[in-house]
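Novice: Could you have a look at this structure, given as structure tokens, before my questions?
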């Protein structure tokens, strides 16, 4: 019992045994506050990124270059971020295509890849169904992945999500070949 108390004192920052419960409750509250702060910051980031991507997609659509396709990858956020991003893009620019990819948190933290990027992860292709169905096979080839259609677009898992394979030029080039 003495050894356990000694270890708890180290873990709780030198707190005396009679104050263990209060210190644990305080840590729990701090953790919950940090989670809320992280969620709010992620929401702000999503809003800023969605505005940027929507502007880029609309400009591309207006020029006719690439047919309103945007490509976005981020490994430090999860699927919830990308689901919210997907909804914002679909609402603001329903005729635009977006290829969104993110690395698996476990792979990002442990394996790392080129430049610290994840080697595995997920992706989604969103936009008008007919255009998504024609672009998705090219994205699967580029990312060495597989997936299928869902009510929100094409979703898949990729075994190789390195930055060189998911480039705007490659996806746009493939899309132009498909749509010409």
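The values are calculated or read from the model by the stated rules, or taken from the named source; none is laboratory data. As the structure is a computational prediction, the values presented were derived from the model and not from experiment. For neighbour counting, all protein chains shown are included, and Cβ atoms are generated from backbone atoms with ideal geometry for every residue, glycine included.
Novice: Considering the range 80-111 alone, what residues qualify as being modelled with pLDDT under 90, surrounded by 14 or more Cβ atoms within 10 Å (Cβ to Cβ) and either touching a strand residue (DSSP E or B) at 6+ places or on another chain (Cβ under 6 Å) or within 17 Å of residue 156 (Cα to Cα) (or both)?
Specialist: 101, 102, 103, 104, 105, 107
Novice: State all residues of the range 124-147 that are touching a helix residue (DSSP H, G or I) at 6+ places or on another chain (Cβ under 7 Å), touching a residue at least 40 places away in the same chain (Cβ under 8 Å) and crowded, with 19+ Cβ neighbours inside 10 Å; if no residue qualifies, say none.
Specialist: Correct list: 124, 126, 135, 139.
Novice: In the range 40-79, what count of residues is obtained for those that are touching a helix residue (DSSP H, G or I) at 6+ places or on another chain (Cβ under 9 Å) and more than 24 Å from residue 131 (Cα to Cα)?
Specialist: Going through the range 40-79 one residue at a time, the tally reaches 9.
Novice: Given (1) in contact with a strand residue (DSSP E or B) (Cβ under 9 Å, 6 or more places away or on another chain); (2) surrounded by fewer than 15 Cβ atoms within 10 Å (Cβ to Cβ); (3) at pLDDT below 75; (4) farther than 15 Å from residue 98 by Cα, where does residue 116 come up short, assuming only one miss?
Specialist: Condition (1) is where residue 116 drops out.
Novice: Any residue at all in the range 43-53 that is in contact (Cβ under 8 Å) with a residue 40 or more places away in the chain and touching a strand residue (DSSP E or B) at 6+ places or on another chain (Cβ under 8 Å)?
Specialist: The answer is yes, given that some residue of the range 43-53 is in contact (Cβ under 8 Å) with a residue 40 or more places away in the chain and touching a strand residue (DSSP E or B) at 6+ places or on another chain (Cβ under 8 Å).
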